[in-house]
Amino acid sequence: MLDFLLAAAAFVLAMVALGLFRILRGPTEADRMMAVQLLGSGGIAGLLLAGSARIPATVDVALTLALLAAFASIAFVMSAAGETER
Amino acid sequence: MTAPTIFGICAALLVGIGLFGVIISPHPLRKLLAFNLIGSGVFMLLGAVARRGAAAGMGGDPVPQALLITGIVVAFSATALAVALLLRLFNETGSVTLAADARAHPDAGDT
Amino acid sequence: MIAALNIGVAALVLALALFTIVARESFAACVGFLAYGLLLTLVWVQLQGLDVALIEGAVGGGLTGVLVIGAAVRLRSTQAAADAARLGMPARMLAVLLSGGVAAAMAACVLALPDPAPTLAPQVSASMAATGVANPVTAVLLAFRAMDTLLEAIVLVLALIGVWSLAPDRVWGGRPALGYDVDPDGILAYVARILPPIGIVAGIYIFWAGADHPGGKFQGATILAAMWLLAMRAGLTDAPPVDRKWLRLALVAGPAAFFAIGLAGTVTAGAFLAYPDGYAKVLILAIEWALLPSLALTLFLLMAGAPQRMSAP
Amino acid sequence: MKAALDIASVLAISAGAFFFLAGTVALLRFPDTLSRLHALTKADNLGLGLVVVGLLPRAGGVSAGLKLLCIWLLALLAGATVSQLIARTVQTRDVRS
């Protein structure tokens with residue numbers, strides 16, 4: 001079971017990593033934002049899959065990450081959007 | 001390979017990448033990012049050393065881990081100070097270069 | 001399987017670091033840096049540094065990323081001048097050689113680390129009972145290496161003084177950072193009302209758990225600062241003017257209380273920052289409670305930046 | 001009982017991983033920004049949601065399980081907000097150009 005969880009974590013992270021090509025290619029800022037958004041939730045999923053079975057406190061780390069990733073992506077979209085609307 | 005070895009080598013490469021960035025990036029903000037990469041490489045190396053010191057039922061040596069927490073927060077405060085410096089320079093001159101031939105344009109940043 | 005996952009994570013971290021360096025636009029580089037910070041959290045979990053993972057997730061993945069992205073947006077017009085100033089090929093080759101050499105030397109050192117590794121974990125474990133806390137990192141931060149933590153709290157205040165002193169004379173004593181024009185009934189104002197209460201509970205929980213489990217005041221304070229910043233960005237609240245007496249008192253209250261308890265130790269326990277027998281846990285908790293609001297306020301104001309305007313909105 | 005829970009976990013986590021795969025494929029292959037956004041929101045919410053569901057039986061306690069659900073709800077809230085904001089930036093840009 002642990003091996004399955006680790007493999008799932010690796011798979012999710014690999015998927016998210018592929019999605020990061022959108023940061024490279026763009027073309028618009030909205031696409032970059034989406035890649036970061038996917039990385040946020042994929043990173044949390046990978047963290048939970050890789051850690052929560054072995055180390056219970058990983059859940060707290062994921063909780064912090066969920067809060068701060070929410071904050072970061074909202075602030076990020078605001079600064080990018082604020083720029084285009086000015 | 002064990003986790004400390006993998007991430008120790010990753011840390012060494014991060015320091016190399018960061019150093020490269022500090023040298024070649026012409027933009028000060030990019031230099032700042034690169035400097036942060038060097039910093040996180042050093043932190044990661046210390047983290048690998050802490051993991052190697054696992055003993056007495058602890059997953060890692062708590063002394064370097066405590067130093068890391070201190071270090072990460074101080075690195076953030078230094079980054080915030082550097083960003084504030086850059087923004088002030090930009091508001092003052094309209095550019096962020098430190099080159100001697102750059103002319104000052106007051107108020108250029110307010111547009 | 002774990003080794004494969006670790007190698008994959010390390011490769012991803014390196015790829016994002018490289019992207020941060022070589023990306024054409026500063027904005028894209030900063031986005032890469034934000035993603036890099038998020039991934040480092042996973043590295044810390046794999047290295048069994050849960051306390052470090054918490055602070056990295058909060059500071060590296062959150063605050064620093066938002067800080068540099070905000071700066072990149074403001075500095076966008078300087079991109080062209082920077083592009084024109086790129087180094088020539090010979091200088092780039094030299095830079096590759098130099099940084100490659102440094103990385104190779106460091107990697108060689110990593111491979112030559114002594115076995116068995118030196119560790120202070122047994123000493124910490126042997127003396128931890130005297131502190132009354134069950135999280136060894138908290139014991140180190142507030143008992144065995146309390147001097148570091150005290151100086152760190154002071155450094156944060158010094159950095160904030162540095163940021164404030166960058167304000168132009170005409171707005172000295174004013175409010176930092178302009179808010180955004182946000183529709184008060186829009187989605188953003190809505191989420192800025194929903195998220196901070198959850199965040200405050202989570203921040204206090206992480207802080208509270210810190211005595212016995214991974215967590216603590218730095219991690220909690222960072223979450224609190226981020227939530228306040230979100231409310232400010234959404235226009236629900238404003239940053240306080242920096243010349244307010246209460247603000248300055250609140251900023252130094254935490255480090256001052258820490259320092260006072262440390263000084264009291266010279267009388268009651270015979271050394272600076274020593275705790276008398278049996279009172280260690282109470283004093284450690286007192287220091288943590290005193291530091292939390294000051295740290296949250298300092299981190300928030302560091303993010304908000306130098307004062308920029310005088311008038312109240 | 002334990003075997004049944006394990007199978008349920010494996011199924012839910014695999015489904016979650018599949019949604020991440022779908023989200024990535026959509027992000028890379030779909031032709032325009034809005035259709036990418038449409039696909040991403042599904043992948044995002046369901047992917048993490050199914051992973052959380054799959055991990056719930058293994059959470060080892062009610063409070064850990066509640067924290068897992070909290071994480072998902074937070075991610076939902078953030079995802080919904082961010083997609084709204086992203087869609088709005090796309091729209092304002094399209095109207096203007």
Original post:
What number of residues in the range D:19-73 are farther than 24 Å from A:Leu67 by Cβ and not in a helix (DSSP H, G or I)?
Top reply: 3
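Regarding the range C:64-78, can at least one residue be identified that is among the polar types (S, T, N, Q), over 30 Å from B:Ala3 (Cα atoms), assigned by TED's automatic domain parsing to the domain that holds C:Leu14 and in a helix (DSSP H, G or I)? First the steps, then the outcome.
Initially, the range C:64-78 is screened for residues among the polar types (S, T, N, Q), giving C:64, C:77-78.
Next cut, over 30 Å from B:Ala3 (Cα atoms) only: C:77-78.
In the following step, the residues that additionally are assigned by TED's automatic domain parsing to the domain that holds C:Leu14 were identified as C:77-78.
Next cut, in a helix (DSSP H, G or I) only: C:77-78.
Yes: one or more hits.
Give the residue, chosen from C:Arg233, C:Arg248, C:Arg244, that is closer than 20 Å to A:Ala69 by Cα and free of Cβ contacts under 8 Å to residues at least 60 places away in the same chain.
On the way: C:Arg248 fails: closer than 20 Å to A:Ala69 by Cα; C:Arg244 fails: closer than 20 Å to A:Ala69 by Cα.
Of C:Arg233, C:Arg248, C:Arg244, the one residue that is closer than 20 Å to A:Ala69 by Cα and free of Cβ contacts under 8 Å to residues at least 60 places away in the same chain is C:Arg233.
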Subject >> Within the range C:101-134, considering residues that are facing another protein chain (nearest Cβ under 7 Å) and of a type in the set (Ser, Thr, Tyr), the one nearest to C:Val282 (Cα to Cα) >> reply: C:Ser125
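I'd like the residue in the range C:215-265 that is of a type in the set (Phe, Trp, Tyr) and crowded, with 16+ Cβ neighbours inside 10 Å and, out of all such residues, is farthest from the other protein chains (Cβ to nearest Cβ). Let's see the steps before the verdict.
First pass over the range C:215-265, keeping only residues of a type in the set (Phe, Trp, Tyr): C:218, C:228, C:246, C:258-259.
Keeping just the survivors that are crowded, with 16+ Cβ neighbours inside 10 Å gives C:218, C:228, C:258-259.
On the way: C:Phe218: 5, C:Trp228: 10, C:Phe258: 14, C:Phe259: 17 Å.
Among those that are of a type in the set (Phe, Trp, Tyr) and crowded, with 16+ Cβ neighbours inside 10 Å, it is C:Phe259.
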**OP:** Please give the number of the condition C:Leu34 fails out of (1) buried (at least 23 other Cβ atoms within 10 Å of the Cβ); (2) more than 8 Å from chain B (Cβ to nearest Cβ); (3) at pLDDT below 85.
**Re:** (3)
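Within the range A:63-86, restricting attention to residues that are among the β-branched types (Val, Ile, Thr) and closer than 19 Å to C:Gly37 by Cα, which residue is modelled with the highest pLDDT? Lay out the reasoning, then the answer.
Residues of the range A:63-86 among the β-branched types (Val, Ile, Thr): A:64, A:74, A:77, A:84.
Filter again for closer than 19 Å to C:Gly37 by Cα, leaving A:64, A:74, A:77.
Details: A:Thr64: 88, A:Ile74: 78, A:Val77: 73.
Only one residue tops the list, namely A:Thr64.
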**OP:** Looking for whichever is modelled with pLDDT of 85 or more, assigned to a helix (DSSP H, G or I) and out of contact with any Phe, Trp or Tyr (no Cβ under 7 Å at 6 or more places or on another chain) here; the options are C:Leu295, C:Leu283, C:Leu302, C:Leu291. Which one fits?
**Re:** C:Leu302
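Going by what's in this entry, would B:Leu89 be described as more than 7 Å from chain C (Cβ to nearest Cβ), hydrophobic (A, V, I, L, M, F, W, C) and under 15 Å from C:Ala53 (Cα atoms)? Can you show your working first?
Working: more than 7 Å from chain C (Cβ to nearest Cβ): yes; hydrophobic (A, V, I, L, M, F, W, C): yes; under 15 Å from C:Ala53 (Cα atoms): no.
Considered against the rule, which asks whether it is more than 7 Å from chain C (Cβ to nearest Cβ), hydrophobic (A, V, I, L, M, F, W, C) and under 15 Å from C:Ala53 (Cα atoms), B:Leu89 comes out as no.
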Original post:
Hey, any hits in the range C:90-103 for a residue that's surrounded by 13 or more Cβ atoms within 10 Å (Cβ to Cβ), farther than 30 Å from C:Asp277 by Cβ and within 19 Å of the chain's Cα centre (by Cα)?
Top reply: no
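Suppose the filter is more than 26 Å from C:Ser165 (Cβ to Cβ), in the same structural domain as C:Pro136 (by TED's automatic domain parsing), of a type in the set (A, V, I, L, M, F, W, C) and within 19 Å of the chain's Cα centre (by Cα); does C:Ile206 pass it?
Values: more than 26 Å from C:Ser165 (Cβ to Cβ): yes; in the same structural domain as C:Pro136 (by TED's automatic domain parsing): yes; of a type in the set (A, V, I, L, M, F, W, C): yes; within 19 Å of the chain's Cα centre (by Cα): yes.
Spelling it out, C:Ile206 is indeed more than 26 Å from C:Ser165 (Cβ to Cβ), in the same structural domain as C:Pro136 (by TED's automatic domain parsing), of a type in the set (A, V, I, L, M, F, W, C) and within 19 Å of the chain's Cα centre (by Cα).
Every residue, every condition in (1) more than 10 Å from chain B (Cβ to nearest Cβ); (2) out of contact with any strand residue (DSSP E or B) (no Cβ under 6 Å at 6 or more places or on another chain); (3) under 18 Å from C:Gly215 (Cβ atoms); (4) surrounded by 24 or more Cβ atoms within 10 Å (Cβ to Cβ), yes or no:
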{"position": "C:Met1", "(1), (2), (3), (4)": "yes, yes, no, no"}
{"position": "C:Leu14", "(1), (2), (3), (4)": "no, yes, no, no"}
{"position": "C:Leu18", "(1), (2), (3), (4)": "no, yes, no, no"}
{"position": "C:Ala28", "(1), (2), (3), (4)": "yes, yes, no, no"}
{"position": "C:Leu39", "(1), (2), (3), (4)": "yes, yes, no, yes"}
{"position": "C:Gly49", "(1), (2), (3), (4)": "no, yes, yes, yes"}
{"position": "C:Gly57", "(1), (2), (3), (4)": "yes, yes, yes, yes"}
{"position": "C:Gly60", "(1), (2), (3), (4)": "no, yes, yes, yes"}
{"position": "C:Val66", "(1), (2), (3), (4)": "yes, yes, no, yes"}
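The values are calculated or read from the model by the stated rules, or taken from the named source; none is laboratory data. In this text, all values refer to a predicted model and were calculated from it rather than measured experimentally. Neighbour counts run over all protein chains shown; Cβ positions are idealised from the backbone, glycine included.
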